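Read through the structure below, which is laid out as structure tokens, and then see the notes.
None of the figures in this text is laboratory data; all of them are computed from the coordinates on show. Being a predicted model, the structure only gives us computed values, none of them experimental. Cβ: placed from backbone, ideal geometry, glycine included. Neighbour counts: every protein chain shown.
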Amino acid sequence: MVLFRQAIVKFLSGLLAVALLLFLPAGTFAYWQAWLLIGVLFLPMFVAGLVLLRRSPALLRRRLDAREEQREQKSVILLSGLMFLAAFVLAGLGRRLQWSTLPPAVSWVAAAAFLLAYALYAEVLRENAYLSRTVGVEEGQQLVDTGLYGVVRHPMYTSTVLLFLAMPLILGSLPAFAVTLLYIPIIVRRIRNEERVLEAGLPGYAEYERRVPWRLLPRVW
């Protein structure tokens, strides 16, 4: 019951924050792209939370724990938060000020891509029970090198890049999309730091890096 309350509080807090960041700058609730984003973002999140609560409460607990201990990762979290703040506010202001927006078809295609990236994220959660929102190695943690982890070393981050780049396109905002492109160097910085931690603390990880050379996209990086 405690875990359920914690998850609900996090969920509602996130929903309220996103709604405020979009609708307040827009000055209206008649912003259909914002409603579309809220739908594709929070409805699957709610369902996934219920599934994790029932089948893997330990994993859900790890996903709710966002307290980074490492200084470098704290700065990554801060930069990511500022990026999202700027992107959502820009999208809302674009709706208010009638800046040039993308065609409606772009929003729907981006929403479909977002849901596919969500499915990829769900598969990563299924494959790796040690996933956490913080960087570190847990006691008894084992290396996962099959499935998506046999293709790239960080499939979770691959899915988040797709998710985050799709968001401003759903909102129909090119300025917001330009801002979210900053997520790529931010996540590269996080990955480099995370791999140093894993190399030092997770048995077999250095050999895994040699077997699977690609971090995010095969034959790219």
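Of note:
- For Phe23, the shell of other residues with beta-carbons less than 12 Å away shows a net charge of +2, using +1 for Lys and Arg and -1 for Asp and Glu.
- Assuming charge only on the beta carbon of Lys and Arg (+1) and of Asp and Glu (-1), the dipole of the stretch 137-221 about its Cα centre is about 380 debye to the nearest 20.
- Helix 104-127 axis, angle to the chain major axis (alpha carbon atoms, nearest 10°): 20 degrees
- Compared with the direct C-alpha span, the chain from Leu50 to Thr28 gains 4.8 nm at full extension, assuming 0.36 nm per residue.
- Across q = 0.18 Å⁻¹, the chain modelled as identical point scatterers on its alpha-carbon atoms has Debye log10 I(q)/I(0) values of -1.45, in the order of the q list.
- C-alpha long axis of helix 32-55 to longest principal axis of the chain, angle in °: 30 degrees
- Taking Cα atoms only, the orientation of helix 2-26 departs from the longest principal axis of the chain by about 40 degrees.
- Rg/Rh, computed from the Cα trace of the stretch 147-221 with Rh as the Kirkwood radius, has the value 1.06.
- Counted residue by residue at 0.36 nm each, then reduced by the alpha carbon distance between them, the extension gain from Phe42 to Leu116 reaches 25.2 nm.
- Cβ-placed point charges (K, R +1; D, E -1), dipole of the chain about Cα centre in debye, nearest 20: 340 debye
- Signed unit charges on C-beta, dipole axis of the chain, positive-most listed residue Tyr31, Ala200, Thr180: Tyr31
- Theoretical FRET efficiency, 1/(1+(r/R0)^6), r = Cβ-Cβ of Arg210 and Leu162, R0 30 Å, to 0.05: 0.70
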